[in-house]
């Protein structure tokens, strides 16, 4: 679980060689949660996010983005750190 994506992105950048790459794998989902609900995997992801990921991130004073975060938010965090 990544409670502080900014720190993770900076650490990854610092660990890579100058011409290195980092592959980020994101769950295929839509930006609107109501479009994701028909998928059993999405329902499990939302439940885990609500009951595990978000509370853990808040306790660790991290960023509670949720497990099925909007792709644009995730990329803006990564690009902003690199």
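Going by C-beta contacts inside 10 Å, put 23, 15 in order with the fewest on the left.
23, 15
With Kirkwood's inverse mean 1/r over C-alpha pairs for Rh, give me the Rg to Rh ratio of the range 10-54, two decimals please.
1.18
If R₀ is 22 angstrom, what is the calculated FRET efficiency for the pair residue 59 and residue 13, using the beta carbon separation as r and rounding to 0.05?
FRET efficiency, residue 59 to residue 13: 0.25.
Each reported figure results from applying straightforward, stated rules to the coordinates on display, with no laboratory input. What you see is a predicted model, and the numbers here were worked out from it, not measured in a lab. All Cβ positions, glycine included, derive from the backbone under ideal geometry; neighbour counts span all protein chains shown.
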